[in-house]
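Asks: For reference, the structure I am asking about is given below.
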Amino acid sequence: MTSFPEELSDRSEDAFITAVGKKKGIVFSNGHIWKEQRHIGITSLRKLGLGKKSIEHQIEDIAQTLVETFKETKGQPFDPSIPVINAVSNIICTLSFGHQFSPEDEGFQKLIQALEILVEVSGSFFHVMFIAFPRLMRYFPGPHKEALAAVDLIVSFAKQEIEKHKESSCLHDPQDFIDLYLLQMEKSRNDPNSTYDEENLAQCIFDFFVAGTETSLATLMWALLLLTNHPDIQEKVQKEIEEAFSSSASISYQDRKKLPYTNAVIHEIQRLKYILLFGLPRQSTKNVTMKGYHIPKRTMILADLRSVLLDPEQWETPEEFNPNHFLDKDGKFMEREEFLPFGIGKRICVGEQLARIEIFIFLTNLLRAFSFRLPEGVKELHEAPIINVTMHPHPYKLCAIPTKA
């Protein structure tokens with residue numbers, strides 16, 4: 001597969017993106033700022049135990065809390081989106097701040113509401129109008145004003161947590177992303193070219209929240225919907241988990257090797273229901289010729305990963321939920337080069353490994369505890385997406401029937 005040229009990896013600088021990201025942090029910056037912020041993002045995730053035990057244990061704890069919340073529904077129809085968004089947001093809180101929030105915490109709920117407002121406005125008519133008429137739209141009322149206020153609320157929430165961390169300094173034994181970033185600021189104090197500062201730190205946390213919560217929420221909501229609509233696939237996953245583990249054993253991310261069918265199902269959910277309409281806009285840093293086409297400097301570029309994930313030349317049944325896409329003839333899991341839900345090139349998702357661990361642990365824990373069924377009188381959950389920058393399913397209800405009394 002053709003690699004994505006580095007010359008097409010700058011973030012596009014339209015007015016809305018600049019107002020949201022202020023050219024800081026990881027997602028919305030370029031050049032030296034981007035390289036340093038991406039570096040601290042990747043190294044911090046590694047140091048906080050990605051692939052080792054520490055962060056994984058915390059994800060397992062949050063997954064167990066989610067299981068308990070689902071149990072409280074007692075098999076009655078319910079909307080899983082609220083407990084799921086609380087769980088995935090708390091993973092970002094644990095990573096960034098070193099602690100979780102109770103779902104009843106007022107500040108935490110305001111944070112989640114701000115995320116929802118921002119996602120709703122992104123890609124909307126008002127977003128497009130802001131790009132076309134930025135000065136006018138700053139005075140014009142509308143949801144874009146709410147979206148920018150939501151950005152301020154999330155960044156302000158991050159700054160409050162940064163202040164708390166500065167007061168109770170743990171730099172000798174960093175526990176979370178803020179600690180590691182403050183330590184890096186201290187180390188770089190005498191470097192005149194350093195971009196490690198509190199503004200970039202707050203923006204990095206904003207990036208983690210928006211990118212990490214929204215994508216994991218959408219993936220898990222699609223997973224529950226598809227597995228409810230396909231009880232035969234759901235039962236095969238549950239049988240595989242049951243045969244591989246005793247009832248008392250906890251499942252870790254390393255255990256995916258024992259669960260090839262389950263792993264294939266998760267990959268197939270991410271392939272079939274890729275959650276972005278298209279990748280965030282990039283732009284060319286210089287004139288580029290690609291496959292005979294001339295792309296002038298500063299051209300906006302949208303990477304259409306959906307065209308690869310649904311390519312009929314690469315996938316046997318591209319429009320169908322078919323876990324066999326990721327299984328060889330012996331039923332063993334196989335990686336596919338065409339599987340690109342986390343992006344391509346230098347801008348590939350910083351949190352890819354975190355997302356993979358989170359989705360695997362959440363789904364295996366939920367499928368071990370429950371069978372997901374359609375509410376009485378419902379023939380099928382609606383599989384067409386709500387089309388926005390992120391592609392969520394339409395709101396739905398399902399029944400979580402405990403597998404063990």
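The values are calculated or read from the model by the stated rules, or taken from the named source; none is laboratory data. This is a predicted model, so every value here is computed, not measured. Glycine also receives a Cβ, built like all others from the backbone with ideal geometry; neighbour counts cover every protein chain displayed. The area values use the complete protein model at the heavy-atom level, side chains included, leaving out ligands, DNA and RNA. Shrake-Rupley method; radii C 1.70, N 1.55, O 1.52, S 1.80 Å.
Asks: Open to solvent by less than 30 Å² (accessible area, probe 1.4 Å) and outside any helix (DSSP H, G or I): is that true of Gly25 in this structure?
Replies: Here the answer is yes, as Gly25 does meet what is asked.
Asks: For region 336-352, which residues satisfy the criterion of being under 14 Å from Asn263 (Cα atoms) and touching a Leu at 6+ places or on another chain (Cβ under 9 Å)?
Replies: First, the residues of region 336-352 that are under 14 Å from Asn263 (Cα atoms): 336, 339.
Passing the criteria: only Phe339.
Asks: Closer than 28 Å to His392 by Cα, of a type in the set (A, V, I, L, M, F, W, C), in a loop (DSSP other than H, G, I, E, B) and open to solvent by less than 60 Å² (accessible area, probe 1.4 Å): which single residue out of Phe101, Phe108, Phe126, Phe130 fits that description?
Replies: Being closer than 28 Å to His392 by Cα, of a type in the set (A, V, I, L, M, F, W, C), in a loop (DSSP other than H, G, I, E, B) and open to solvent by less than 60 Å² (accessible area, probe 1.4 Å) holds for just one of Phe101, Phe108, Phe126, Phe130, which is Phe101.
Asks: Here are the criteria: (1) over 30 Å from Glu120 (Cβ atoms); (2) crowded, with 22+ Cβ neighbours inside 10 Å; (3) at pLDDT below 90. Tell me which single one Ser246 does not satisfy.
Replies: Condition (2) is where Ser246 drops out.
Asks: Here's a follow-up. Which of the numbered conditions does Gly49 fail, given that it passes all the others? Conditions: (1) within 19 Å of the chain's Cα centre (by Cα); (2) assigned to a loop (DSSP other than H, G, I, E, B); (3) within 13 Å of Cys204 (Cα to Cα).
Replies: Unmet condition: (3).
Asks: Let me ask another. Looking only at residues that are more than 12 Å from Gln283 (Cβ to Cβ) and surrounded by fewer than 21 Cβ atoms within 10 Å (Cβ to Cβ) in region 28-39, which one is nearest to the chain's Cα centre (by Cα)? First the steps, then the outcome.
Replies: Taking region 28-39 first, the residues more than 12 Å from Gln283 (Cβ to Cβ) are 28-29, 31-39.
After this cut, where a residue has to be surrounded by fewer than 21 Cβ atoms within 10 Å (Cβ to Cβ) as well, the list is 31-33, 35-36, 38-39.
On the way: Gly31: 24, His32: 25, Ile33: 22, Lys35: 21, Glu36: 21, Arg38: 16, His39: 19 Å.
Residue satisfying both the conditions and the ranking: Arg38.
Asks: Please go through (1) β-branched (Val, Ile, Thr); (2) modelled with pLDDT of 95 or more; (3) under 24 Å from Asn193 (Cα atoms) for Thr69 and return the number of the only condition it doesn't satisfy.
Replies: (3)
Asks: Can you list the helices (runs of 4 or more DSSP H) lying wholly within region 182-288 that have 2 or more residues being in contact with a strand residue (DSSP E or B) (Cβ under 6 Å, 6 or more places away or on another chain) and hydrophobic (A, V, I, L, M, F, W, C)?
Replies: Values: elements: 198-207, 214-229, 231-244, 260-272.
Passing ranges, in order: 214-229.
Asks: Follow-up question, since we're still on this one. Could you check region 339-362 and list, in sequence order, the residues that are among the small types (Gly, Ala, Ser), buried (at least 18 other Cβ atoms within 10 Å of the Cβ) and assigned to a helix (DSSP H, G or I)? Give the derivation first.
Replies: Here is the first cut: in region 339-362, the residues among the small types (Gly, Ala, Ser) are 343, 345, 351, 355.
After this cut, where a residue has to be buried (at least 18 other Cβ atoms within 10 Å of the Cβ) as well, the list is 351, 355.
Scanning region 339-362 gives a single hit, Ala355.
Asks: Since Gly377 meets every condition but one in (1) without any contact (Cβ under 8 Å) to a residue 60 or more places away in the chain; (2) under 18 Å from Arg271 (Cα atoms); (3) open to solvent by 30 Å² or more (accessible area, probe 1.4 Å), which condition does it not meet?
Replies: (2)
Asks: Using the structure shown, decide if Asp173 is touching a helix residue (DSSP H, G or I) at 6+ places or on another chain (Cβ under 9 Å), open to solvent by 20 Å² or more (accessible area, probe 1.4 Å), without any contact (Cβ under 8 Å) to a residue 40 or more places away in the chain and not in a helix (DSSP H, G or I). Lay out the reasoning, then the answer.
Replies: Details: touching a helix residue (DSSP H, G or I) at 6+ places or on another chain (Cβ under 9 Å): yes; open to solvent by 20 Å² or more (accessible area, probe 1.4 Å): yes; without any contact (Cβ under 8 Å) to a residue 40 or more places away in the chain: yes; not in a helix (DSSP H, G or I): yes.
Criteria met by Asp173.
Asks: Which number in (1) closer than 20 Å to Ile359 by Cβ; (2) buried (at least 23 other Cβ atoms within 10 Å of the Cβ) marks the one condition that Leu226 misses?
Replies: Leu226 satisfies every listed condition except (2).
Asks: Right, something else. For region 267-291, which residues satisfy the criterion of being more than 17 Å from Gly123 (Cβ to Cβ) and modelled with pLDDT under 85?
Replies: Gln283, Ser284, Thr285, Val288, Thr289, Met290, Lys291
Asks: Also, I was wondering about something else. Does region 1-22 hold any residues that are of a type in the set (Ser, Thr, Tyr), open to solvent by less than 40 Å² (accessible area, probe 1.4 Å) and either touching a Pro at 6+ places or on another chain (Cβ under 9 Å) or at pLDDT 80 or above (or both), and which are they? Break it down into steps so the answer makes sense when it comes.
Replies: Taking region 1-22 first, the residues of a type in the set (Ser, Thr, Tyr) are 2-3, 9, 12, 18.
Still in the running and open to solvent by less than 40 Å² (accessible area, probe 1.4 Å): 9, 12.
Across region 1-22, the qualifying residue is only Ser12.
Asks: Sticking with this structure for a sec: Of the residues Glu199, Glu240, Glu235, which is open to solvent by 40 Å² or more (accessible area, probe 1.4 Å), modelled with pLDDT of 95 or more, within 21 Å of Ala63 (Cα to Cα) and of a type in the set (D, E, K, R)? Walk me through it before giving the result.
Replies: On the way: Glu199 fails: within 21 Å of Ala63 (Cα to Cα); Glu240 fails: open to solvent by 40 Å² or more (accessible area, probe 1.4 Å).
Exactly one of Glu199, Glu240, Glu235 is open to solvent by 40 Å² or more (accessible area, probe 1.4 Å), modelled with pLDDT of 95 or more, within 21 Å of Ala63 (Cα to Cα) and of a type in the set (D, E, K, R), namely Glu235.
Asks: Given the criteria without any contact (Cβ under 8 Å) to a residue 60 or more places away in the chain and open to solvent by 40 Å² or more (accessible area, probe 1.4 Å), does Ile401 qualify? Walk me through how you get there before you give the answer.
Replies: Details: without any contact (Cβ under 8 Å) to a residue 60 or more places away in the chain: no; open to solvent by 40 Å² or more (accessible area, probe 1.4 Å): yes.
Spelling it out, it is not the case that Ile401 is without any contact (Cβ under 8 Å) to a residue 60 or more places away in the chain and open to solvent by 40 Å² or more (accessible area, probe 1.4 Å).
Asks: When you scan region 285-338, how many residues do you find that are surrounded by fewer than 11 Cβ atoms within 10 Å (Cβ to Cβ) and of a type in the set (A, V, I, L, M)?
Replies: Number of matching residues: 0.
Asks: For Ile401, indicate whether it is among the aliphatic types (A, V, I, L, M) and modelled with pLDDT under 95. Give the steps one after another, and end with the answer.
Replies: Working: among the aliphatic types (A, V, I, L, M): yes; modelled with pLDDT under 95: no.
When the stated conditions are applied, Ile401 does not pass them.
Asks: In addition: Restrict the check to region 205-219 and report whether at least one residue is buried (at least 20 other Cβ atoms within 10 Å of the Cβ) and more than 19 Å from the chain's Cα centre (by Cα). Full working, then the answer.
Replies: To start, the set of residues in region 205-219 that are buried (at least 20 other Cβ atoms within 10 Å of the Cβ) comprises 205-210, 212-219.
Among the residues that remain, those that are also more than 19 Å from the chain's Cα centre (by Cα) are: none.
No, region 205-219 contains no residue that is buried (at least 20 other Cβ atoms within 10 Å of the Cβ) and more than 19 Å from the chain's Cα centre (by Cα).
Asks: Among the residues of region 318-332, which ones are part of a loop (DSSP other than H, G, I, E, B) and under 17 Å from Tyr261 (Cβ atoms)?
Replies: Of all residues in region 318-332, those part of a loop (DSSP other than H, G, I, E, B) come to 318-322, 328-332.
Selection gives Glu320, Phe321, Asn322, Asp328, Lys329, Asp330, Gly331, Lys332.
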